[in-house]
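Right, one structure below, let's go through it.
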Amino acid sequence: MALASNVYSAEPAFPILANSLLPQPCSPATPGGPWNDTADSNLNDWNLKRHWDEGIQASQSTIFTCGTIIGFSRLRSRDKDNDDYIAQIPRHLLIKSLSENPASSEPRVFIIFPRGFEAFAPRTLLSALRSSSIEPKLSQEEAIKRLDTVQLLPVHSFPNAAQAIGQVSGSLQQIERTRQQQAYNARNNQPVILIVVGLDTLADGVIRASNPVRGTALLSATLRNLNRMSRTHAPYLSTILVNTNGLGPTAFESTHQQGANRTKPREEETRPSWDDGVHSIFQTPGSSLLTTLLMKTLDQGIDTHILLSDVKTSQVAEVIKSRIGPGLGKWSVWAPST
């Protein structure tokens, strides 16, 4: 009888109610620190929508904070997507910043993009500014004034893109000097946005024309320059990379196919030792998104990496990497009206 009541005996463990393992609701804490956990934030901690609703800020309480490099990528299997698919959320962040901050005499946005990329064309940005849901609505004249602070730098090759980034670096130094000479005012806190489109595709062009070593070396050097700029101007600079080449293989094997054709033993299904750990919760479990050296090099230069993909009929934005704050795994359904 004594053995029957001994919890250390070789018997099944005592049953535990599943809900007892869940974290209990806590009382709201005093706000103030970055990534402050409150009862409300815990309930919606997974939701990325709150962060793009807040837009680009200097505070580290948001995913889209100044001083970091934010990358947007799609799946490589979605090769039929138009430019607008990958550019919607970056453009939303751009329009929100232009709408909420008054017009300025200094440049506030720099967009480096391959020729022919229409998602950031002037007419597209003007239409987005006029149709923005942010109040008060901007008139045609006021919207054009906001667009006067946007500098477009079209490029057609990787060396052109690297040269344009150097040009932006010089402009940022001028902005820095101007702001330091002025007395403190609200404009000193206005974010400056740098958007670089298709850097991965341009580097892929170098690889095709030369070799992978040269292409990845040029990409790595350019990403180091972007990181140095981001850290140097961290109080107000937000850097966004819009990647157009895509991540992952050309097609993911479905879970159903894996179950029907499973021939490998369990030991061979474990992740390899070189696995980078960058995955999507909406794709095949264990399938890495960084399948080439170019993809790995690109991801190394990104602080917060966001993947856009379709789940059934919904477009989903998902944080697949986050170096700052507990952003990894946050996701939300994206709708053009948000």
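Mind listing just one residue for me: the one in segment 222-237 that is touching a strand residue (DSSP E or B) at 6+ places or on another chain (Cβ under 6 Å) and outside any helix (DSSP H, G or I) and, of those, nearest to L294 (Cα to Cα)? That would be L237. The listed residues are I240, I207, and the only one of them that is of a type outside the set (G, A, S) and not in a helix (DSSP H, G or I) turns out to be I240.
Here's a check for you: in segment 293-338, which residue that is assigned to a strand (DSSP E or B) and of a type in the set (D, E) is surrounded by the fewest Cβ atoms within 10 Å (Cβ to Cβ)? Write out each step before concluding.
Initially, segment 293-338 is screened for residues assigned to a strand (DSSP E or B), giving 304-311, 314-322, 331-334.
Checking the rest, the ones that are also of a type in the set (D, E) come to 310, 318.
Details: D310: 14, E318: 20.
Once the filter is applied, the top-ranked residue is D310.
Only one entry of I111, I175, I134 meets the criterion of being in a helix (DSSP H, G or I) and of a type outside the set (D, E), and that entry is I175. Might you let me know whether segment 72-92 holds any residue that is of a type in the set (F, W, Y), under 25 Å from I320 (Cβ atoms) and either in a strand (DSSP E or B) or at pLDDT below 95 (or both)? For segment 72-92, residues of a type in the set (F, W, Y), under 25 Å from I320 (Cβ atoms) and either in a strand (DSSP E or B) or at pLDDT below 95 (or both): present.
Looking at T216, is it surrounded by 14 or more Cβ atoms within 10 Å (Cβ to Cβ) and over 23 Å from Q57 (Cβ atoms)?
The answer is yes for T216.
Taking first residues from segment 120-147 that are more than 12 Å from L98 (Cα to Cα) and partners that are among the aromatic types (F, W, Y), the Cβ contacts under 6 Å between residues at least 6 apart in sequence or on separate chains come to F120/F113. Assessment of segment 111-126 against the conditions (under 25 Å from R74 (Cβ atoms), touching an Asp or Glu at 6+ places or on another chain (Cβ under 9 Å) and of a type in the set (D, E, K, R)) yields at least one matching residue. Which of the residues that make up segment 288-338 are over 14 Å from the mean Cα position of the chain (by Cα) and either on the phi > 0 side of the Ramachandran plot or polar (S, T, N, Q) (or both)? Residues satisfying the conditions are S288, T291, T292, T297, K312, T313, S314, Q315, S337, T338. Filtered by the rule that a residue be touching a helix residue (DSSP H, G or I) at 6+ places or on another chain (Cβ under 9 Å) and in contact (Cβ under 8 Å) with a residue 60 or more places away in the chain, segment 148-184 gives F158, A161, A162, I165, V168, S169, L172. Screening E176 with (1) under 21 Å from T239 (Cβ atoms); (2) acidic (D, E); (3) exposed (fewer than 13 other Cβ atoms within 10 Å of the Cβ) gives one miss only, at (3). Taking the residues in segment 84-133 that are closer than 14 Å to V196 by Cα and charged (D, E, K, R) as candidates, determine which candidate is surrounded by the most Cβ atoms within 10 Å (Cβ to Cβ). The extreme case among them is R91. I134 meets all of the listed conditions (1) at pLDDT 90 or above; (2) closer than 16 Å to W52 by Cα but one, namely (1). Exactly one residue out of S139, S171 is closer than 22 Å to V242 by Cα and either surrounded by fewer than 13 Cβ atoms within 10 Å (Cβ to Cβ) or at pLDDT 95 or above (or both): that is S171.
The values are calculated or read from the model by the stated rules, or taken from the named source; none is laboratory data. Quick caveat, the model's predicted, so the values are computed rather than measured. Glycine gets a Cβ as well: all are built from the backbone with ideal geometry, and neighbour counts include every protein chain shown.
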